[in-house]
Amino acid sequence: MSWSRGSWRSQKTRQIPDYPDPAELRNAEDRLKTYPPLVFAGEIRRLKAELARVAAGDGFLLQGGDCAETFADFNTFNIRDTFRVLLQMALILTFVGEKPVIKVGRVAGQFAKPRSNPTEKTPDGEILTYRGDMINSHDPAGRTPDPERMIRSYFQSAATLNLLRAFASGGYADIHTASKWLLDFVGGSPARERYETLAKSIDKTIGVMRAYGKFANDAVEGHPQGIDFYSSHEALFLPYEEALCRNDSLTGDPVAASAHFLWLGERTRDANGPHTEFLRGVINPLGIKCGPGADAREVERLLEKLNPGNEPGRITLILRAGVDKAENVYSRLIREMVSAGREVVWCVDPMHGNPRQTASGVKTRHFADILRECGIFIDVCRAEKVHPGGLHLEMTGKNVSECLGGADAVEDLSRSYETTCDPRLNASQALELAFAVAERLSTR
Ligand code: PEP
Ligand code: CO
């Protein structure tokens, strides 16, 4: 079956709402088609090669960011703070695992959200559901889909990536700076006693490395050490993805130029659906969310479509069954994929299978559930002799109160509940999780 960037349109569309004026949507798509790519084929290939190493047991994928980026929260500090926490987490995981950690943000494109229902009931009547800032407004008065939002998402993504690229290549990502942040964090955390020794030994090791590097190569002195940082989002809103699809100028291969890494969500991982149709034709590394109902035959059909050649690094299976079902679902899926000879990165998303509601109906998650699902994932991977290769999180660098618990004991969600979508780990909870996962990965 031949593929084109628009061949998804012949499938029954899903998760794409009706626009009042389809011609306006087409006009916005046409403009987007002429804009520069946000990411480049060489970067995408490099990430895929790095993920191939993770699939082979060498390295770890750390992927995290907002559930949904918004126009209102677009500012330097939010981008910087999330980047900083991801870097600190990566440092902890690298130090303990002594393996490279691949850093991927849910950022610069994570603007569209899948919904189970097209409408919701409010005291003022039934209205369209919020589908992310790329499509409509969170404000109940602005729920009509507006194509200009797609253009605005593109420009916000471009500016976000510009800042992230500068941080990643400039002094901001310097490992020495990152270890100082870690000491600052640990110094103020209630989890201090558990993690102080580790943070100090990270700092000491980095000091030794730098001193050694200075003797070994005086020329690098004064040059900050850069890192690779990648972008990712759910490939949900296909008009945007299609409009940003480009051909690699060297090979002609189609690339999704909206982000380095794209994933299929729990609601769109249909082997015969439009999202799979689009993604099968682009060379990017892909994720597939696998919830409690993910059946091995279904996943096998997806892999047959998306990765017929079993290319390592192409597929990351992001497991998100929730604490109660994790053990059964993960052992079964891993066993079947191993016996089918599938080479994938095994990654856990301990957020989406663990929704909770407070008595007053506020969406939250318990830090303890999140931590426990990570532990189950690591144990099952070990029992099945595959590499526990990654962690996918909803988190922010801000001190929000959206998930309950952690060493800081978040109890009052109303203190700073800001998400327009799912509850995120705050900076301190994210770092605590990184320490705990690193410890768990290091004990055999
Ligand atoms: C998400 O990652 O925000 C999400 C909606 O996940 P899932 O598709 O796993 O429910
Ligand atoms: Co979410």
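The values are calculated or read from the model by the stated rules, or taken from the named source; none is laboratory data. All values derive from a computational prediction rather than experimental measurement. As a convention, Cβ positions derive from the backbone with ideal geometry for all residues, glycine included, and neighbour counts pool all protein chains shown.
A few comments on the model shown:
- If you go through region 154-180 and keep only what is more than 22 Å from the chain's Cα centre (by Cα) and more than 14 Å from Phe95 (Cβ to Cβ), you end up with Gly170, Gly171, Asp174, Thr177, Lys180.
- Considering region 358-389, and only residues there that are surrounded by fewer than 19 Cβ atoms within 10 Å (Cβ to Cβ) and among the charged types (D, E, K, R), the residue that is nearest to Tyr417 (Cα to Cα) turns out to be Lys363.
- Residue check, Pro355 closer than 22 Å to Gln110 by Cβ, surrounded by fewer than 17 Cβ atoms within 10 Å (Cβ to Cβ) and at pLDDT 95 or above: yes
- The set of residues from region 48-75 being closer than 14 Å to Ser232 by Cβ and away from ligand 2 (no atom under 16 Å from the Cβ) comprises Lys48, Glu50, Leu51, Leu61, Leu62.
- Check on Ser339, over 19 Å from Ala191 (Cβ atoms), of a type in the set (S, T, N, Q) and at pLDDT 95 or above: yes
- Residue match in region 380-397 (condition: more than 16 Å from ligand 2 (Cβ to nearest atom) and at pLDDT below 95): yes
- When Tyr130 is tested against (1) out of contact with any Cys (no Cβ under 9 Å at 6 or more places or on another chain); (2) buried (at least 20 other Cβ atoms within 10 Å of the Cβ); (3) at pLDDT 80 or above, only condition (1) is not met.
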